[in-house]
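Below you'll find the structure, written out as structure tokens, and then a few comments.
The values are calculated or read from the model by the stated rules, or taken from the named source; none is laboratory data. Computed from a predicted structure; not experimentally measured. Glycine also receives a Cβ, built like all others from the backbone with ideal geometry; neighbour counts cover every protein chain displayed. In case anyone asks, the SASA skips ligands and DNA or RNA and just uses the protein heavy atoms, side chains included. Shrake-Rupley method; radii C 1.70, N 1.55, O 1.52, S 1.80 Å.
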Amino acid sequence: MTKKHYIYNKVAATLFAAATLTSCGDFLDTLPMNEIVKDNFYTKKLDATQLLDGCYSSFANYDNVGRMAIWGEARSENVITKGGNKGLLNAVRELNGENMRTTNELTKWLPIYRTINYCNTFIKNAPTVQQLDPNYSLQELKSNIAEATALRDLCYFYLLRAYRAVPITFTPSDTDEQDYEIQPDSLMPGINKLINDLKTVENDAVKRYYDITRLTNAEIYNNAEIKKNSARITRSAIHAILADMNLWCGNYDEAIRYCDLVIENKKESFKERVAYRSINEFPDMMLINEIPLIREKILNTNQDGNAYKEIFVWGHSVESIFELSYNSGGITNSFVDDFYKSGYEVSTIFTSSIMKGENAYFTIDDCRAYENIVADDNKTPSINKYVGGELSKFEVSTLNANSARPKPSGSINSPNWIIYRLTDIMLMKAEALIEKGGDDNLKEAFKLIDAVYQRAHSLNRSLNIALYINDGDPKNQEKMRDLCMEERQRELMFEGKRWFDLVRRSVREQNTDYLSDKASDKQKINQDAISSKFKEFDFIFYPYNKEELKLNHFLRQNKAYGNTEDFVQ
């Protein structure tokens, strides 16, 4: 085997060795790819469904989700890295000082290309199974191919946002004869290629796996089968990915259209549930601008924190669109354990004087200030989101400088990892509307942002539109841009979104002024030098790993990290 086959064929030699789903058969743990695709093996529906399960398993494993989460969070101003040496922590510590080398473990993309190759293999071979096994219907085949296509294209989307240019192929490596030393696709052409690919399967994906019309939110939480509605790819999940991709490409009308498809699906589902059971049976839900959101304060109670409980403690909430499930079959989310419980610290810019009402990011009555962050007077603040249990009883409207800061009453042992949820989509739509411009679009965007803000404040506080929009003022658009970025930061903190948000804005504006100003805030050492690094556009993307440059001569090192010739043999 030549070295240029390494990226994919080394993957093939260890197919599913790292898989975590218990439903994958033992044979998938041992056979190489070229054995799995032999005609005398890949013949039954079970063969296909097990391979598809393996695609999900690979997507959710430590090295894969760890990279996606770290690439989207660690370089932002949200977190700093502290002690410990588990997993990828040493590599992240290098990121924290913005001193990344081309040998850094996080620049290796093999885990994500492994998932891509599993998906490509499924897409190529599943049609043969459908022809051979009458139990595997054409409709099932199409929906399964839509799932694998979405997972594959989502992997490429993460890679493109991290590296700016990566090799994209839709052909699996199942023999040693294939050549995967190919030209990389650059950021915008690459994303547009993925958009066109996803559009071919979007209508084949299932709308939902389980009908929740008759169920309350609590009943959904207690039903393992229903979790498939967000644990597997649905049509709404594909629409969410397409909304995100179109937002990056500046296709704002398309981004809005796909956001609306997701939002309308959530609205219609809630209308069906209310019609069947009556609104009185949903005291934990509310409509803001006709969009159904989970209440922070359940109706006729004084305790806040319910939205956090349902979304992050229970998991697979009615607001979820796609999240990785770790709470069954012995599957653990050890990445979050390593980083959120011990590896990351919260940047102090988010914790200063919240209880005195002086914090620049959170008001004292913003539930997210306590759901995201745990802080004591004499201790370094830590992350609560994903790893903290329900908060002890508190009411944000009564908090003041003399109040005890709300604390979690327990912890989550193995939390899910959310890829897309409803408020993320709402804020994507707001961003697209803002970029379209015009006061009418800005006002519609404001309503979406304010809905997210109001929920977080238990309807006790709303944003003042007069601070952001005055008819005909040319500064309206810029003020709304900043407001949307700020609300996405508060709402999606620690969810692997912030760095990508900063990069997307930099790409759109073709400068890094906003990113440099924000991301360097957390730096206590060499802040000026690091801020200067951020001014270089190439620096906001990751370098190719030294070994990848040896394997594909079409790759050219990001010039912010050195000369390609230093690494190519």
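The table that follows gives values for the structure above.
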| item | result |
| --- | --- |
| Condition met for Ile349 (buried (at least 20 other Cβ atoms within 10 Å of the Cβ) and either of a type in the set (Lys, Arg) or in contact (Cβ under 8 Å) with a residue 24 or more places away in the chain (or both)) | no |
| Which listed residue, of Glu345, Glu319, is more than 21 Å from Ser58 (Cβ to Cβ) and at pLDDT below 90 | Glu345 |
| Residue within the stretch 374-397 that is modelled with pLDDT of 90 or more and more than 30 Å from the chain's Cα centre (by Cα) present | yes |
| Condition met for Val336 (crowded, with 23+ Cβ neighbours inside 10 Å and over 24 Å from the mean Cα position of the chain (by Cα)) | no |
| Selection status of Leu483, without any contact (Cβ under 8 Å) to a residue 60 or more places away in the chain, touching a helix residue (DSSP H, G or I) at 6+ places or on another chain (Cβ under 9 Å) and open to solvent by less than 50 Å² (accessible area, probe 1.4 Å) | yes |
| Subset of the stretch 54-80 [β-branched (Val, Ile, Thr) and assigned to a helix (DSSP H, G or I)] | Val65, Ile70 |
| The stretch 120-145, subset aliphatic (A, V, I, L, M) and in contact with a helix residue (DSSP H, G or I) (Cβ under 7 Å, 6 or more places away or on another chain), residue surrounded by the fewest Cβ atoms within 10 Å (Cβ to Cβ) | Leu138 |
| Residue check, Ile434 modelled with pLDDT of 95 or more and either touching a Phe, Trp or Tyr at 6+ places or on another chain (Cβ under 6 Å) or in a helix (DSSP H, G or I) (or both) | yes |
| Single match in Glu268, Glu345, Glu358, Glu319 (criterion: out of contact with any helix residue (DSSP H, G or I) (no Cβ under 6 Å at 6 or more places or on another chain) and within 25 Å of Lys207 (Cβ to Cβ)) | Glu268 |
| Check on Phe500, in a helix (DSSP H, G or I), of a type in the set (A, V, I, L, M, F, W, C) and open to solvent by 10 Å² or more (accessible area, probe 1.4 Å) | no |
| So Asn229, is it open to solvent by 30 Å² or more (accessible area, probe 1.4 Å), touching a residue at least 60 places away in the same chain (Cβ under 8 Å) and more than 20 Å from Phe157 (Cα to Cα) | yes |
| Residue within the stretch 368-388 that is in a loop (DSSP other than H, G, I, E, B), touching a helix residue (DSSP H, G or I) at 6+ places or on another chain (Cβ under 9 Å), over 16 Å from Lys341 (Cα atoms) and among the aromatic types (Phe, Trp, Tyr) present | no |
| Of residues in the stretch 189-205 being of a type in the set (Val, Ile, Thr) and part of a loop (DSSP other than H, G, I, E, B), the one least open to solvent (accessible area, probe 1.4 Å) | Val201 |
| Residues within the stretch 354-394 that are open to solvent by 50 Å² or more (accessible area, probe 1.4 Å) and within 18 Å of Asn78 (Cβ to Cβ), tallied | 2 |
| Filter pass, Ser397 being more than 21 Å from Val452 (Cα to Cα) and open to solvent by 40 Å² or more (accessible area, probe 1.4 Å) | no |
| Residue ranges of helices (runs of 4 or more DSSP H) in the stretch 506-555 with at least 1 members closer than 26 Å to Phe350 by Cα and of a type in the set (Ser, Thr, Tyr) | 513-519, 527-534 |
| Single match in Ala445, Ala466 (criterion: touching a residue at least 24 places away in the same chain (Cβ under 8 Å) and aliphatic (A, V, I, L, M)) | Ala445 |
| Criterion (at positive phi and in contact with a helix residue (DSSP H, G or I) (Cβ under 8 Å, 6 or more places away or on another chain)) met by exactly one of Arg208, Arg164, Arg214, Arg232 | Arg164 |
| Single unsatisfied condition, Asn476 versus (1) over 18 Å from Ile425 (Cβ atoms); (2) open to solvent by 10 Å² or more (accessible area, probe 1.4 Å); (3) modelled with pLDDT of 95 or more | (2) |
| Verdict on Ile168 being open to solvent by less than 30 Å² (accessible area, probe 1.4 Å), hydrophobic (A, V, I, L, M, F, W, C) and out of contact with any strand residue (DSSP E or B) (no Cβ under 7 Å at 6 or more places or on another chain) | no |
| Residue selected from the stretch 393-434 under the condition in contact with a strand residue (DSSP E or B) (Cβ under 8 Å, 6 or more places away or on another chain) and among the polar types (S, T, N, Q), by the criterion nearest to Phe362 (Cα to Cα) | Thr423 |
| Any hit, the stretch 487-495, residues being at pLDDT below 95 and either part of a loop (DSSP other than H, G, I, E, B) or over 16 Å from Glu431 (Cβ atoms) (or both) | no |
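Residues checked against (1) open to solvent by less than 10 Å² (accessible area, probe 1.4 Å); (2) closer than 30 Å to Asn384 by Cα; (3) touching a Gly at 6+ places or on another chain (Cβ under 7 Å):
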{"position": "Met428", "(1), (2), (3)": "yes, yes, no"}
{"position": "Lys447", "(1), (2), (3)": "no, yes, no"}
{"position": "Leu459", "(1), (2), (3)": "no, yes, no"}
{"position": "Leu467", "(1), (2), (3)": "no, no, no"}
{"position": "Glu487", "(1), (2), (3)": "yes, yes, no"}
{"position": "Ala519", "(1), (2), (3)": "yes, yes, no"}
{"position": "Gln523", "(1), (2), (3)": "no, yes, no"}
{"position": "Phe534", "(1), (2), (3)": "yes, yes, no"}
{"position": "Tyr544", "(1), (2), (3)": "no, no, no"}
